[in-house]
Every structure is written in C-alpha cells, then in structure tokens.
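Undergrad: One structure, as structure tokens, below. Some questions next.
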Amino acid sequence: MLVPAPTSSTPGEGAFTLTGGTAVHAPDAPEIAELLRELLSVPTGLAFPAASAPGDGTIALLVDPDDTELGAEGYRLTVTTAGVTASAAGLAGLRWAVQALRQLLPPEAFARTRVDGVAWTVPAVSITDVPRYPWRGAMLDVGRWHKPIEWLYTFTDLAAMHRLNVFQLHLTEDQGWRFEVKRYPRLTEVGAFRRESPRGHEFFKDTDGTPHGGFYTQDQLRDLVAYAARRGVTIVPEIDVPGHTQAAVAAYPELGNDPENPPEVGVRFGVSRRVLNAEESTVEFVRNVLDELMDVFPSPYIHLGGDEVPLDEWSASPAAQARIAELGLDGPGSVLGWWIGRVAEHVTSKGRLAVVWDELVGQAPAGAVVMAWRARDRVVAALEAGHDVVATPNSDMYLNYPASLDPGEPLSIASHGLPGFGPTPLSKMYAYDPEPGSEPENGARVIGVQGNLWTEYAPTPERAEYDLMPRLAAVAEVAWGSARDEEGLRERLVTHLRRLDAAGIGYRPL
Ligand code: ACM
C-alpha cells in the first residue's frame, strides 16, 4: 500500500475508523500531533483533539529513544480495531509515521479541501520501517523557468509524501537568478528576468519573443523552509558557481571576464561560456551572497555547484592569465578547484558542509559531499577520492530525461533524436542501485540518492508534475531501500495516482 514500500508490513484483522471522537495522544511530540492535524484535518473535517492518555479510539504518537533499531528516521506503526500507535526514537521517525498513516487512509486524505461522505478507515496493520539512506533527495531547477512560490510548496508536499527528506533548490542559472540578495539587489532586478526564451527545442535556435522571469524573496523562502521542516524535509539551497552564472554577470558585469562587454541574462539553453572571474572581489561577492543564503536556509548542507564550467574565458582573458599566475595555479583547468575551495572554506567556517557536482572530483575540498551525476562510475570515482556521495547519475536519476522515446511524449531534451539524454523510464530508475559493490577502505560512503528535475523543457508546474510523477516514487523506493518488486510497485501506483488526483497533482499515466 505504501509508497515507498516499508521495510516490513504485516496485515492485521479488521480496521480502525477515524471519527470526530478520535483524539491524539502525543505527550513528547506535540509538534507531530500538530503535523497530523495540519495534514488530515482539512480533508477529513476532523479536529483530532489532544488526549491526555492513550486508550481505545486514540492515535498515540510515542517517542522511545531506546528503540535504537529504528535509527534517526525509522518508525513503528500499528493499527488495530482499537486505534493507532506510532513510535520512533525521535520526532523525525514520527513524521514519517504520520505520512504512512495518511497513505493507509483512503486517497481522499490527500485532498486540499474537505471531502464529505468518506469513511476514514485504516486497515489493521503492523509496520516497521527504516530508511536505507540518510539523504533521500529531489532537486528542482527554478533557474531555467521560474515557478510560482505556491508550487514549491507542492514540490515539498511531493517530497514529504514519498518520505524524501531533501529538497535541493537549484536557485541560480545562466537564464535566471531567483534568490533575493539584499546587499546586491541587481541580482534579481536584472538577473531574474530575461528578454525571451527558446521556442521549441534548443537545437533549432528559435525564440519566443516573450520576456520571462521571477524570483523569491527571503521572507517567502523562510516560510517555505519552515513548512518543509515541519514535514521533515530539509531544503538544501544551491548557488551554482563559478559557471552557470551568466545572469549574475549580466547584473554585475565586474564579476565576469569581460566587463566592457557584459552578457544579457541567458536566452538560450545549453552551457554558457560566461563564467565568474577569479578576482578576490568576486570571491568576496559570492561569500556575501552565501551569508544571506545561510541566513535563510538553516540546512547543514550548502550546494555550491561547480558543474559544467567552460575554460574559454579563463584561457582567453589576459586578466585571468595574470590572476592564474599570481595564484600559482597551473592553468585555467585549476581555477574551478581554487574557486570551490575558496567558497567551501567560507561555508565550513560557518559550520555547514559543502556539496559540489562531480566535476570537482580530484580538486574538491576534503569533507565536501560530491553529487555524482555524469555517469554511474562517478559514484565510485568520488568514493575513491574520499568523498561521501549522493548518487544522482543522469543515466538513471534524471527526471528531465523523457520516460520514453515515443513520439507522443512532450518536447524534451531528447526530442529530435538527440542521443545521450535517456530515456529514463520508471523501470530503469527503479532498477538503479547506487552501491558500487565494494566499500572503499577510506571510509567514504554513499549517503544517498536523488532524482533531479532540470527544467529547460518544463516551463510550467503541470509539465514539471508530468516529469516527476510517477517516477519520483521509484526514486523514493530506491532511496528508502524498499525491497525491489516492480510489479508490486506498479500495483501500488494505481492507488498512489488516486492520491495525486485527490491532491490535484498531475502525472504521466502509467
Ligand atoms: C548537471 O546536470 N549539470 C549537474
């Protein structure tokens, strides 16, 4: 029934029905009782008053720190005809227990408005559930196409309902800077808006002639962070440097390598050559941006990007050449590692951990988490270099690659027969196993798995939902470590899609 499937589940006899009399007993976890109300009171119309003692007809949410078998996020959930009992070693596990309970209810429990005439019945069951990985992620690129802040709440809901605990928010791109920075207002005044966008596939270099843009204020993002945190989801922000920065350079030409000829905010997709220069003042600028970012996002992890950085400008610019000599670097190819080193040390000085894309393997700062994306074997390369790894190989975990190459699919990066971009059908995602087979002796670990949604071809929430669902369910099962059973998953997805229907979230039909 559950998506992702739990570690173990034993059906019981009978069922328990939630009614106006169903009270919640949560002596050590009042915030989890509050979460249960936040999720279930609207669709059910039930108030779930507090109960001072457990007993018949109640939902008990119990913390048992001695239940070490469950780890930080596992839980036990028992439903009998008499009531519901959930327990966990701490609040994190109880949050997932509440999400599991929600899935045990009829699909209408996911509705965003009250649904009358439903029997809120939960089948008797005994579940023990412990995730395999501590990082279970979904990434959203809001740089290519800005999405309404309201939809970022939907994305958070999708993460939480799949017991994914990381929402990586990719906030900056060549085509748009989406994070308000009070010290540098032009980043959003200028950098958040572009003159036009590609029309059709990037390959054809056609344009739509229509301005596009938008950004998120710090206050909006703080509210989102709090909403996600209540659901056990950490929003890991990404400011991508020193490449994918054309919008920033458009806003502040002095950050770039040719201040006399600044670029406009990107209107084409693909990788821009316009990157940050290696001046001390530019490092200082990015550190100031990161200070505001860390103030808004309490995440222990800060993603610094570092992917796809063309060397053209550093190779051609006399100023860059002089700077490379001054820094004692052995050429343009070493600037990336230097750059990330300078910003990572700033992030770690504030007690956070840096995350970088796998281009940094070989020049990443010690202690940085590497997000392996270019191929499966990048996971191994990063482990061997001593880094903890989040596995997100594009071959298996890219949600922007099409689910099939059928002519009926909407436009995607792989359209027009362009090779190398999937497809990544549900079954392929579901079969992915990030473990390279042997643990390196240096102690580095795969800490998690993540599905990434790049949005060149997902301009709207509706399209993004089509790309995400139901494949995000497969990502979640891989990340949670459920026993693989594709037929079983497909059966459960039939019910799962009804949950999405109730929530008003779109999907690609099974
Ligand atoms: C990436 O897909 N450029 C990380």
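The values are calculated or read from the model by the stated rules, or taken from the named source; none is laboratory data. Because the structure is a prediction, the values reported are computed rather than measured. With ideal geometry, Cβ positions are generated from the backbone for all residues, glycine too; neighbour counts draw on all protein chains shown. Areas reflect the complete protein model, heavy atoms only, side chains present, ligands, DNA and RNA absent. Shrake-Rupley method; radii C 1.70, N 1.55, O 1.52, S 1.80 Å.
Undergrad: Name the residues in region 44-68 that are in a loop (DSSP other than H, G, I, E, B), closer than 24 Å to TRP135 by Cα and open to solvent by 40 Å² or more (accessible area, probe 1.4 Å), would you? Break it down into steps so the answer makes sense when it comes.
TA: At the first step, the residues of region 44-68 found to be in a loop (DSSP other than H, G, I, E, B) are 45-49, 51-57, 64-67.
Still in the list and also closer than 24 Å to TRP135 by Cα: 64-67.
Correct list: ASP64, PRO65, ASP66.
Undergrad: In addition: Within region 467-494, count every residue that is open to solvent by 40 Å² or more (accessible area, probe 1.4 Å) and under 16 Å from ASP396 (Cα atoms). Quick ask: steps written out before the conclusion?
TA: Kept after step one, since they are open to solvent by 40 Å² or more (accessible area, probe 1.4 Å), are these residues of region 467-494: 483-487, 490-491, 494.
Keeping just the survivors that are under 16 Å from ASP396 (Cα atoms) gives 484, 486.
The total comes to 2.
Undergrad: Further, regarding this structure: What number of residues in region 457-466 are surrounded by 22 or more Cβ atoms within 10 Å (Cβ to Cβ) and aromatic (Phe, Trp, Tyr)?
TA: 1
Undergrad: Which one of VAL265, VAL249 is in contact (Cβ under 8 Å) with a residue 12 or more places away in the chain, open to solvent by less than 30 Å² (accessible area, probe 1.4 Å) and in a helix (DSSP H, G or I)? Break it down into steps so the answer makes sense when it comes.
TA: Working: VAL265 fails: in a helix (DSSP H, G or I).
After ruling out the rest, the residue left standing is VAL249.
Undergrad: Still on this structure, please answer the following. What are the residue pairs meeting all of these: first residue in region 298-314, first residue farther than 13 Å from TRP339 by Cβ and within 16 Å of the ligand (Cβ to nearest atom), second residue open to solvent by less than 30 Å² (accessible area, probe 1.4 Å) and in a loop (DSSP other than H, G, I, E, B), Cβ atoms under 6 Å, and 6 or more apart or on different chains?
TA: GLU308/GLY243
Undergrad: Right, something else. Name the one entry in ALA325, ALA344, ALA320, ALA316 that is touching a helix residue (DSSP H, G or I) at 6+ places or on another chain (Cβ under 7 Å), of a type in the set (Gly, Ala, Ser) and either surrounded by 14 or more Cβ atoms within 10 Å (Cβ to Cβ) or more than 17 Å from ALA366 (Cβ to Cβ) (or both).
TA: Sole residue among the options that is touching a helix residue (DSSP H, G or I) at 6+ places or on another chain (Cβ under 7 Å), of a type in the set (Gly, Ala, Ser) and either surrounded by 14 or more Cβ atoms within 10 Å (Cβ to Cβ) or more than 17 Å from ALA366 (Cβ to Cβ) (or both): ALA320.
Undergrad: From the residues in region 69-97 that are open to solvent by 10 Å² or more (accessible area, probe 1.4 Å) and assigned to a helix (DSSP H, G or I), which one is farthest from HIS25 (Cα to Cα)?
TA: Result: GLU69.
Undergrad: Follow-up question, since we're still on this one. Take the conditions aliphatic (A, V, I, L, M), in contact (Cβ under 8 Å) with a residue 12 or more places away in the chain and open to solvent by 40 Å² or more (accessible area, probe 1.4 Å) and apply them to ALA23. Does it pass?
TA: Details: aliphatic (A, V, I, L, M): yes; in contact (Cβ under 8 Å) with a residue 12 or more places away in the chain: yes; open to solvent by 40 Å² or more (accessible area, probe 1.4 Å): no.
Considered against the rule, which asks whether it is aliphatic (A, V, I, L, M), in contact (Cβ under 8 Å) with a residue 12 or more places away in the chain and open to solvent by 40 Å² or more (accessible area, probe 1.4 Å), ALA23 comes out as no.
Undergrad: Residues that are buried (at least 24 other Cβ atoms within 10 Å of the Cβ), within 12 Å of the chain's Cα centre (by Cα) and more than 26 Å from VAL267 (Cβ to Cβ): does region 170-188 have at least one?
TA: no
Undergrad: Within region 367-374, does at least one residue satisfy the condition of being touching a residue at least 12 places away in the same chain (Cβ under 8 Å) and over 19 Å from PHE167 (Cα atoms)?
TA: Filtering region 367-374 down to residues touching a residue at least 12 places away in the same chain (Cβ under 8 Å) leaves 367-374.
The next check asks that each one be over 19 Å from PHE167 (Cα atoms); those that pass are 367, 374.
The answer is yes; a qualifying residue exists.
Undergrad: Which residues, taken from region 375-386, are surrounded by fewer than 17 Cβ atoms within 10 Å (Cβ to Cβ) and within 13 Å of the ligand (Cβ to nearest atom)? Show your work before the answer.
TA: First pass over region 375-386, keeping only residues surrounded by fewer than 17 Cβ atoms within 10 Å (Cβ to Cβ): 375, 377, 384, 386.
Residue satisfying the conditions is ALA375 alone.
Undergrad: For region 4-12, state whether one or more residues are modelled with pLDDT of 95 or more, within 22 Å of ARG492 (Cα to Cα), open to solvent by 60 Å² or more (accessible area, probe 1.4 Å) and under 26 Å from the mean Cα position of the chain (by Cα).
TA: Within region 4-12, one or more residues are modelled with pLDDT of 95 or more, within 22 Å of ARG492 (Cα to Cα), open to solvent by 60 Å² or more (accessible area, probe 1.4 Å) and under 26 Å from the mean Cα position of the chain (by Cα).
Undergrad: Considering only residues that are within 13 Å of the ligand (Cβ to nearest atom) and surrounded by fewer than 21 Cβ atoms within 10 Å (Cβ to Cβ), which ones fall in region 394-412?
TA: ASN394, SER395
Undergrad: Which members of region 489-510 meet the condition of being assigned to a loop (DSSP other than H, G, I, E, B) and at pLDDT 95 or above? Spell out how you get there, then give the answer.
TA: Initial filter on region 489-510 (assigned to a loop (DSSP other than H, G, I, E, B)): 504-510.
Listed by number, the residues that qualify are GLY504, ILE505, GLY506, TYR507, ARG508, PRO509.
Undergrad: Evaluate the following for GLY337: is it buried (at least 17 other Cβ atoms within 10 Å of the Cβ) and within 16 Å of the ligand (Cβ to nearest atom)?
TA: Working: buried (at least 17 other Cβ atoms within 10 Å of the Cβ): yes; within 16 Å of the ligand (Cβ to nearest atom): no.
When the stated conditions are applied, GLY337 does not pass them.
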